[in-house]
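Data block below; observations after.
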Amino acid sequence: MAGADDLSEGEQSVLTLHPHWKTVLMPIVILIGLAIAAAVLLAVIPHGRLAGPERIAVGALALIIAITFTLAPLLRWRTTTYELTTRRFRLRYGILSRTGRDFPLIRISDVSFSHGLIDRMLGCGRLVIESAGEHGQLVLNEIPGVAKVQATLFQLVEDEQARLAREDR
């Protein structure tokens, strides 16, 4: 997880967030459906000599599906972090191995957002950060409070440009 211990001197964390909760909605629906399906299958397996192996097979299959389609997306959501600091925009993600990408605020040339009707009702959207450099553009989906994040990021970019202009004098 991102933390204050890996910030540079004079840098402060302004905003830290994860992708919107709607990204884990489908895995939770899958888990509920899986639990219902497994319960029904276990109920219809007749009692008898072969009931034990059949029940174990249903349980094992349900467990594999739950890990693949529920646990992995939940961990991916929980380990993805977007952090805005006074000097950069930081993206960190990964379950077993971590990957990070930093966008210095001084290199950001444009920040925009978009959200459709459902995203507006849920309070999330797409954030697009244009940057000078080799990577050019960063598109982040399912950002909670995207309009607020865009406004905050834009203000931080202006503040950083003003700070560097003062230092150059």
Exercise. Which condition breaks for Gly100 when tested against (1) surrounded by fewer than 14 Cβ atoms within 10 Å (Cβ to Cβ); (2) within 30 Å of Gln155 (Cβ to Cβ); (3) modelled with pLDDT of 95 or more?
Worked result: (3)
Exercise. What number of residues within the range 62-80 are more than 18 Å from the chain's Cα centre (by Cα) and exposed (fewer than 14 other Cβ atoms within 10 Å of the Cβ)?
Worked result: 3
Exercise. Quick one: what pairs do we get from the range 48-59, first residue of a type in the set (Asp, Glu), second modelled with pLDDT under 90 and not in a helix (DSSP H, G or I), C-beta under 6 Å, 6+ apart or different chains?
Worked result: Glu54/Ile45
Problem set entry | In the range 68-80, the residues that are in a helix (DSSP H, G or I) and within 26 Å of Leu17 (Cβ to Cβ) | Phe69, Thr70, Leu71, Ala72, Pro73, Leu74, Leu75, Arg76, Trp77, Arg78, Thr79
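Conditions (1) within 30 Å of Thr86 (Cα to Cα); (2) out of contact with any helix residue (DSSP H, G or I) (no Cβ under 8 Å at 6 or more places or on another chain), marked per residue:
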| site | (1), (2) |
| --- | --- |
| Leu7 | yes, yes |
| Leu15 | yes, no |
| Pro19 | yes, no |
| Leu34 | no, no |
| Leu42 | no, no |
| His47 | no, yes |
| Ile56 | no, yes |
For this session: Could you run through the range 147-166 and say how many residues are surrounded by 14 or more Cβ atoms within 10 Å (Cβ to Cβ) and under 26 Å from the mean Cα position of the chain (by Cα)?
Result: 9
Exercise. In the set Glu54, Glu11, which member is surrounded by 11 or more Cβ atoms within 10 Å (Cβ to Cβ) and in a helix (DSSP H, G or I)?
Worked result: Glu54
Exercise. Can you list the strands (runs of 3 or more DSSP E) found entirely within the range 83-166 that contain at least 1 residues being closer than 19 Å to Val14 by Cα and free of Cβ contacts under 8 Å to residues at least 12 places away in the same chain?
Worked result: 99-104
For this session: Keeping to the range 64-93, report how many residues are closer than 21 Å to Glu142 by Cβ and of a type in the set (A, V, I, L, M).
Result: 6
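The values are calculated or read from the model by the stated rules, or taken from the named source; none is laboratory data. Computed from a predicted model, the values in this text were never measured in an experiment. In this analysis, Cβ positions are derived from the backbone assuming ideal geometry, glycine residues included, and neighbour counts consider all displayed protein chains.
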